[in-house]
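As structure tokens, the structure follows; a few thoughts come after it.
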Amino acid sequence: MTDEGDVVIIGGGIGGLFTGALLAKNGQRVIVLEKNEIIGGGLQSFQRGDVSFDTGMHILGGFREGGNVRRICEYLGVFDKLQIRDVDDDCIDSIHYFSDGSEVHIPCGREAFVDYLSSLFPKEAVNIRNYVDKLYDITRECLCSGFWKTPTLLCCMTTTFICLPTS
Ligand SMILES: Cc1cc2nc3c(=O)[nH]c(=O)nc-3n(C[C@H](O)[C@H](O)[C@H](O)COP(=O)(O)OP(=O)(O)OC[C@H]3O[C@@H](n4cnc5c(N)ncnc54)[C@H](O)[C@@H]3O)c2cc1C
């Protein structure tokens, strides 16, 4: 495309970085342009006093055996370099509402996730099940097609191949 590269990726968040790494792995010359001083996008953290804050991402799904992100990291040869801490099975995320003091503790795993949300919103049980099934269908289709090994498909791909519930 240019003297310097075959592909220009605008934005060095996790989506741009993963895509760039996969394209490079597949032999493309890649340039990632990031407008900020540091890369990472929503994967940043910052410190105020003793407290560390995430700007966005705080857990990542798909890192267990056979998981989607794990398989991509293995393909890129970076999985062994990562320091991963497993989430708690009964709580991958907790949400605290200051308005009424209530708390939501989202459990790990497909069935636990569906069951828990359905218990909170029984009228939506079918929709919750359908939504989660669809997420898994999309993930399975992406993995089965081996899209990350196909540069042309990668160029068309949007980000976020990371989806709850963690498994
Ligand atoms: C509060 C919050 C909590 C979240 N928690 C989780 C979580 O726990 N787990 C999870 O998996 N996901 C979580 N997410 C979602 C996750 O952060 C995003 O899905 C992910 O960071 C998106 O990555 P991205 O690369 O698509 O975009 P971004 O991370 O937004 O990256 C886009 C990059 O493009 C750069 N950019 C934009 N315009 C230009 C331009 N014109 N030129 C050059 N560079 C440009 C930006 O500076 C940025 O670095 C959370 C999001 C939020 C907001």
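Here, each number is a calculation from the coordinates, and none is a lab measurement. Every value quoted in this text rests on a predicted model; they were computed, and no experiment measured them. Cβ: placed from backbone, ideal geometry, glycine included. Neighbour counts: every protein chain shown.
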Worksheet item: Can you give the Rg to Rh ratio for the stretch 1-150, taking only C-alpha atoms and Rh from Kirkwood?
Response: 1.03
Worksheet item: Can you give the Rg to Rh ratio of the stretch 1-58, both from alpha-carbon atoms, with Rh computed by the Kirkwood formula?
Response: 1.13
Discussion item. Given points 7 Å out from each Cα along the Cα-Cβ axis, report the L135 to A112 separation in nanometres with one decimal.
Written reply: 1.4 nm
Worksheet entry | 5 angstrom amide H check on G40, placed H, neighbours 5+ away | G12, G13
Response to the item:
Sorted on mean Cβ neighbours within 10 Å (highest first), peptides 126-132, 112-118 come out as 112-118, 126-132
Response to the item:
Expressed in nanometres to one decimal, the distance between label points 7 Å along Cα→Cβ at I10 and E74 is 3.6 nm
Worksheet item: Between the stretch 69-90 and the stretch 1-61, what is the C-alpha centre distance in whole Å?
Response: 17 Å
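Between F46 and I59, what length in nm is gained on full extension when 0.36 nm per residue of separation is reduced by their alpha carbon distance?
Going from the current span to full extension adds 3.1 nm.
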